[in-house]
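The structure under discussion appears below in the form of structure tokens.
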Amino acid sequence: MTSIASVTLEVADPAVADRFYSAAFGLGDRLRLRASAAPTSGFRGFTLSLVVPQPADVDAFFEAAVRAGATPLKPAARSLWGYGGVVQAPDGTIWQLASSSKKNTGPATGRVDEVVLLLGVEDVKASKQFYVDHGLAVGKSFGSKYVEFAAEGPVKLALYKRRGLAKVAGVSPDGTGSHRLTIAGDTGPFTDPDGFAWTTASESAAV
């Protein structure tokens with residue numbers, strides 16, 4: 001079964017981005033950074049989510065990210081599914097901070113239970129089949145709206161309609177140019193139907 005070892009964000013200044021992510025999230029080897037000046041504008045077609053134990057953890061990560069220089073896109077608040085908020089890192093990456101719990105059971109733990117990469121795609125069914133053909137097993141599927149793949153690595157993968165994902169993130173769906181994202185998995189290099197590039201974990205580690 002294919003798994004995701006890490007994601008690489010292409011940023012203008014890796015040293016500056018590293019200081020931000022170390023202060024805000026501290027994700028270790030799950031997140032890598034690489035210098036890039038590839039043209040990009042607007043929504044890059046994906047978000048990264050930190051799934052945490054309780055609302056106190058959402059608030060702690062949200063506040064740490066804003067202190068480190070992130071822009072709030074959606075304030076942390078309760079919803080039908082739990083509690084969460086959205087921020088945009090200085091490099092432009094959009095991060096969702098979420099917990100399925102609506103109540104705290106104690107002080108913030110500082111723990112990240114899951115890192116989820118949500119790809120905004122034009123055709124969820126077609127992209128789902130593409131990834132199944134490349135070795136990913138489906139964990140949950142909701143027709144043409146959302147697909148979540150079974151997680152066996154440090155990062156979970158899910159697919160969402162591009163416009164819907166932009167709405168969840170609180171931004172316009174319009175965007176052009178590079179995604180500025182490379183996904184490292186245990187399969188051969190390929191590019192999916194929406195232009196998201198995959199590489200092998202060993203190649204990513206060598207960057």
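So the values come out like this:
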quantity: Selection from the stretch 6-33 of residues that are in contact with a helix residue (DSSP H, G or I) (Cβ under 6 Å, 6 or more places away or on another chain), buried (at least 19 other Cβ atoms within 10 Å of the Cβ) and assigned to a helix (DSSP H, G or I); calculated: Phe20, Ala24
quantity: Any hit, the stretch 82-105, residues being over 21 Å from Pro53 (Cα atoms), of a type in the set (A, V, I, L, M) and free of Cβ contacts under 8 Å to residues at least 40 places away in the same chain; calculated: no
quantity: Matching residues, the stretch 146-184, being among the small types (Gly, Ala, Ser) and at pLDDT below 90; calculated: Ala151, Gly153
quantity: Residue match in the stretch 151-160 (condition: assigned to a helix (DSSP H, G or I) and either of a type in the set (Lys, Arg) or surrounded by fewer than 20 Cβ atoms within 10 Å (Cβ to Cβ) (or both)); calculated: no
quantity: Number of the exception - Phe149 against (1) touching a residue at least 24 places away in the same chain (Cβ under 8 Å); (2) closer than 19 Å to Ser49 by Cα; (3) within 18 Å of the chain's Cα centre (by Cα); calculated: (1)
quantity: Hits in the stretch 1-58 - residues which are hydrophobic (A, V, I, L, M, F, W, C) and in contact with a Phe, Trp or Tyr (Cβ under 8 Å, 6 or more places away or on another chain); calculated: Ala24, Phe25, Leu27, Leu31, Leu33, Phe46, Leu48, Leu50, Val52, Val58
quantity: Condition check for Thr93: in contact with a helix residue (DSSP H, G or I) (Cβ under 8 Å, 6 or more places away or on another chain), closer than 27 Å to Ala64 by Cα, of a type in the set (Val, Ile, Thr) and modelled with pLDDT of 95 or more; calculated: no
quantity: Any hit, the stretch 160-176, residues being more than 21 Å from Pro72 (Cα to Cα), out of contact with any helix residue (DSSP H, G or I) (no Cβ under 9 Å at 6 or more places or on another chain) and in contact (Cβ under 8 Å) with a residue 40 or more places away in the chain; calculated: yes
quantity: Strands (runs of 3 or more DSSP E) within the stretch 38-146 that include 2 or more residues surrounded by fewer than 17 Cβ atoms within 10 Å (Cβ to Cβ); calculated: 40-42, 71-78, 138-142
quantity: Complete set of residues in the stretch 45-74 that are of a type in the set (S, T, N, Q) and closer than 15 Å to Gly170 by Cβ; calculated: Thr47, Ser49, Thr71
quantity: Matching entry among Gly135, Gly143, Gly110 (being at positive phi, over 16 Å from the mean Cα position of the chain (by Cα) and modelled with pLDDT of 95 or more); calculated: Gly110
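Quick grid of which residues meet (1) charged (D, E, K, R); (2) touching a strand residue (DSSP E or B) at 6+ places or on another chain (Cβ under 8 Å); (3) within 29 Å of Thr105 (Cα to Cα):
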position: Glu10; (1), (2), (3): yes, yes, no
position: Gly26; (1), (2), (3): no, no, yes
position: Ala35; (1), (2), (3): no, yes, no
position: Asp59; (1), (2), (3): yes, yes, yes
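The values are calculated or read from the model by the stated rules, or taken from the named source; none is laboratory data. Please read these numbers as outputs of a predicted model, since none were measured by experiment. Positions of Cβ are backbone-derived with ideal geometry, glycine not excepted, and every protein chain shown enters the neighbour counts.
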